[in-house]
Structures are given as structure tokens and as C-alpha cells.
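So the structure is just underneath, and the comments pick up after that.
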């Protein structure tokens, strides 16, 4: 197996298992990993326009996140208001219920991150992250993640 092929399959295996574990943590909260990502991004970066939200999502790169947002609005977790900066747009933000749920989502994500930390203890994590950023940066999902990282560092 070529190193690039193995890297691709290792990333896929880790992604699938991580998503499965996260889905199990989120199931009692009544949200999917994609819905949880929307709530988390709005919590950390909102209020946002639909377009700005889409630019920060990994789960829906290249697609409009409108289906996810519609579902979360219907559940009473996200609200749409006129954007104060440009009345032609809607600003998406969390409702009080969405804010409360986002705190529980953070706890579920932290449980997964703690499990990952246990697996990589003693490993060259910084070098691995640098390699993965280089590969992911060539794709829209990697670019979305880089935008989120940059916004958090600003």
C-alpha cells in the first residue's frame, strides 16, 4: 500500500469512528453531528448569515446549510433575524434553548476529545496536525476549518 493511500484510509477510518462515537454522545440530545456543528459554530462565531455559516462548516462544504438550519429553526434552537449590518440578509443566532443545548454539545465533544487525547498520549501530535492541515487545506472542508481556527485566534 502506498503511503498516500494508507494516509487516506487512516483518515477515513478515524473520521468514521469519531463520527460514530460523537453521534452516540449526541443521540440523547436529539441532534446529529452535523446539526451539532451548526449549533457549535453559531455559539462560537454567531450571529452569522447563512453564507457566512456555510463558510465555517466542515459537515456541509460546497452545499448550502439551509436544510440543517431549517431543521434547527423548526426545533426552536436557531432563530433568524434581520442582519443589523445589512437588512437584505438574515442573521442566524441561537435561541435560549439552542444556547443551553450547545453547552451540552460542548460537553459531548469534550468527552470524545478526552478519549482521543488518551489514544495519542506520547505521540508526535503537533507534527501529525501539521501534516493533516497540509492535506486538508487543499479541500473546501479544510479551508472551512482554517477559517474557524483563524477567527478563534483573532
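Scanning the stretch 132-146 for residues that are in a helix (DSSP H, G or I) and surrounded by 12 or more Cβ atoms within 10 Å (Cβ to Cβ) yields 132, 133, 135, 136, 140, 141, 142, 143, 144, 145, 146.
Each row is one residue, and each column tells you yes or no for (1) under 16 Å from residue 145 (Cα atoms); (2) more than 15 Å from the chain's Cα centre (by Cα); (3) loosely packed, with under 15 Cβ neighbours inside 10 Å.
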{"position": "19", "(1), (2), (3)": "no, no, no"}
{"position": "26", "(1), (2), (3)": "no, no, no"}
{"position": "30", "(1), (2), (3)": "no, yes, yes"}
{"position": "33", "(1), (2), (3)": "yes, no, no"}
{"position": "102", "(1), (2), (3)": "no, no, no"}
{"position": "105", "(1), (2), (3)": "no, no, no"}
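Return a yes/no flag: does the stretch 72-79 have any residue that is under 20 Å from residue 149 (Cα atoms) and buried (at least 19 other Cβ atoms within 10 Å of the Cβ). No, the stretch 72-79 contains no residue that is under 20 Å from residue 149 (Cα atoms) and buried (at least 19 other Cβ atoms within 10 Å of the Cβ).
In the stretch 114-125, the condition of being surrounded by 10 or more Cβ atoms within 10 Å (Cβ to Cβ), outside any strand (DSSP E or B) and touching a residue at least 12 places away in the same chain (Cβ under 8 Å) is met by at least one residue.
Tell me the residue from 56, 39 that is farther than 30 Å from residue 3 by Cβ, assigned to a loop (DSSP other than H, G, I, E, B), touching a strand residue (DSSP E or B) at 6+ places or on another chain (Cβ under 8 Å) and touching a residue at least 60 places away in the same chain (Cβ under 8 Å), please. Walk me through how you get there before you give the answer.
Values: 39 fails: assigned to a loop (DSSP other than H, G, I, E, B).
56 is the lone residue from the list that is farther than 30 Å from residue 3 by Cβ, assigned to a loop (DSSP other than H, G, I, E, B), touching a strand residue (DSSP E or B) at 6+ places or on another chain (Cβ under 8 Å) and touching a residue at least 60 places away in the same chain (Cβ under 8 Å).
Residue count for the stretch 59-71 satisfying the condition of being modelled with pLDDT of 80 or more and either outside any helix (DSSP H, G or I) or surrounded by fewer than 16 Cβ atoms within 10 Å (Cβ to Cβ) (or both): 5.
The values are calculated or read from the model by the stated rules, or taken from the named source; none is laboratory data. In this text, all values refer to a predicted model and were calculated from it rather than measured experimentally. Virtual Cβ from ideal backbone geometry, glycine too; neighbours counted across all protein chains shown.
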